[in-house]
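The values are calculated or read from the model by the stated rules, or taken from the named source; none is laboratory data. On a predicted model such as this, the values are computed, not experimentally measured, just so you know. Every residue, glycine among them, receives a Cβ derived from its backbone with ideal geometry; neighbour counts consider all protein chains shown. Side chains included, ligands, DNA and RNA excluded: accessible areas come from the protein's heavy atoms. Shrake-Rupley method; radii C 1.70, N 1.55, O 1.52, S 1.80 Å.
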Amino acid sequence: MNPADLGLPVDVPSTALFTDHYELTMLQAALANGTADRRSVFEVFTRRLPEGRRYGVIAGTGRVLDAVENFRFDGAVLEFLRERNIVDARTLDWLASYRFSGDVWGYPEGEVYFPGSPVLRVEGSFAECVLLETVILSILNHDSAIAAAASRMSSAAGGRPLIEMGARRTHELAAVASARAAYVGGFTSTSDLAAGFRYGIPTVGTSAHAFTLLHDSERDAFTAQVASLGGGTTLLVDTYDVAEAVRTAVEVAGTGLGAVRIDSGDLLLVAHRVRDQLDELGATETKIVVTSDLDEYAIASLAAAPVDAYGVGTQLVTGSGHPTCSMVYKLVARAASADPKAPLVSVAKKSSGGKTSVGGRKWAARRTGSDGVAEAEVLGTGPVPAALADTQLLVQLVKAGEVVARESLEAARERHREALTGLPLSATQLSRGEAVIPTEYV
């Protein structure tokens, strides 16, 4: 796998340093006292959904699989650790041959989740599993937050296309990951070419206000753009006077003009005025695209407006107020000893302050009613009840260190669409509320 395919600079040969210092010091201590080889089970989950959210969306699974495959301590990385005296010589020797050889199970990408859902389960020795904590959380917390925001915006848009255009509002690598996650969550295209190159997401874009300001007149700018890109292009009409720009746009491009874009003002009012004007000019098929700091609430407020597509940037790539899902990676079971046949013992953090967790290697299923609509997220550590056997959510992603469930981004996108249809209608409400279904432990 080329590092560039991960959204990494090409001079970063592995994902091994996308981790926290204490992961390696824990490894060193475990190697020293003989507990490093104990069979262990870690689970990723969130104790609660962000305030007001009714469901979460799993995104980034494909990037996690790439990161696990590329988690290698090469010569340059080992030399860095040695020079900084981060771990001892014995640990460096162990890291030199590190290859994850365990198993990973998880909710497939695009699936929805709820508080407590074991969205990812990593099994293997303590040593090889603990090292993956930070990079896994980094990817899942970011991508799932963006996908959840995208899903809410997509629901608010009511089937109208959404364009991801937040590259200039976040880190350049986060922008690529955000475009990918937004696509899973229901967006139809991106302005970011790196995302198009790496993940095959459709890319779109025409011109900015700078192009209009470059020319001696708005007419000159429109004429140049139409001459270059054709009459089906999208003309930006709010640089000066919107009404005059729309008139000029149709005169230049003809009634077959593809679209006009509005990027400022009272979008509801302006969109109605522009639609009326376009229709009067005979451009009845010309689309209206709106941008300008949109979020799901602004999109919902435009439901009755004659808007054909939305472009969303800042609010999307920052999770629309919730840039993380607060997912954690916790040890939930470990072997009683280093003996490969030793039984697993459930473990869990029990401290106060709302950070408790439930121990044990869990299965997860979604109970549905007679109408096929979800009623509860059911988790357990014992045998799976027969009634839930066919509704289990975890699938194997990695087996004995080998990825076994890589899939296309389109598959994840389609899965999310299907997952939403299986939730109660209130799942897509933007009003504040609790998770749309409860989490039950059996």
Computed over all unlike Cα pairs, the Kirkwood hydrodynamic radius of the range 402-441 in Å stands at 12.7
Simple SL model, points at 7 angstrom along Cα→Cβ for Asp216 and Asp88; separation in nm is 7.9
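Looking at the P(r) of the range 181-284, how many percent of alpha-carbon pairs lie beyond 21 Å? If you can, show how the numbers build up before the last one.
Working: 2243 of 5356 pairs.
Beyond 21 Å sits 42 percent of the P(r) for the range 181-284.
Among the DSSP beta bridges whose two residues both lie in the chain, what percent are antiparallel, rounded to the nearest 5? If you can, show how the numbers build up before the last one.
On the way: 34 of 52 bridges.
About 65 percent, rounded to the nearest 5.
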The answer for the chain, accessible area per residue at 1.4 Å probe in Å², is 43
Counting lysine pairs in the range 290-426 that sit 8 or more positions apart or on different chains, with Cα atoms under 27 Å apart, gives 12
Largest-first ranking of Lys349, Lys399 by accessible area, probe 1.4 Å, whole protein assembly kept, is Lys399, Lys349
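For Ala303 and Tyr240, what does the FRET efficiency come to when R0 = 35 Å and r is the distance between their Cβ atoms, rounded to the nearest 0.05?
0.75
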Between the Cα axis of helix 172-184 and the main Cα principal axis of the chain, the angle (0 to 90°, nearest 10) is 80
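Sorted by accessible area with a 1.4 angstrom probe, largest first, how do Ser97, Ser189 fall? If you can, show how the numbers build up before the last one.
Values: Ser97 85, Ser189 10 Å².
Most to least solvent-accessible, the answer reads Ser97, Ser189.
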Rounded to the nearest 10 degrees, the helix 242-253 long axis (Cα) sits at an angle to the longest Cα principal axis of the chain of 80
Contact order relative to length for the chain, counting C-alpha pairs under 8 Å separated by 6 or more residues, stands in percent at 23
Mean-square fluctuation maximum in Gaussian network of the chain, Cα pairs under 10 Å, restricted to Ala374, Ala157, Ala147, hits Ala374
By the mean-Cβ-within-10 Å protection proxy, highest first, 316-326, 248-258 rank as 316-326, 248-258
Only helices counted: for the chain, with every DSSP H run of 4 or more residues adding -39500 (n - 2.57) and the sum spread over all residues, [θ] at 222 nm is -10500 deg cm²/dmol
Summed over the other residues with a beta carbon less than 11 angstrom from that of Asp308, with K and R at +1 and D and E at -1, the charge totals +3
Beyond 25 Å, the calculated P(r) of the range 78-230 holds a percent of Cα-Cα pairs equal to 54
From the Cα centre of the range 104-152 to that of the range 300-366, the distance in Å is 6
Computed over the chain: longest principal axis from alpha-carbon atoms vs helix 21-33 long axis, angle to nearest 10 degrees, is 20
Quotient of Cα radius of gyration and Kirkwood radius for the chain, i.e. Rg/Rh, equals 1.05
Here the range 263-396 gives, from Cα atoms, an Rg and Dmax in Å of 25.7, 81
In nm, the gap between the two label points placed 7 Å beyond Cα toward Cβ at Ala348 and Thr206 is 5.7
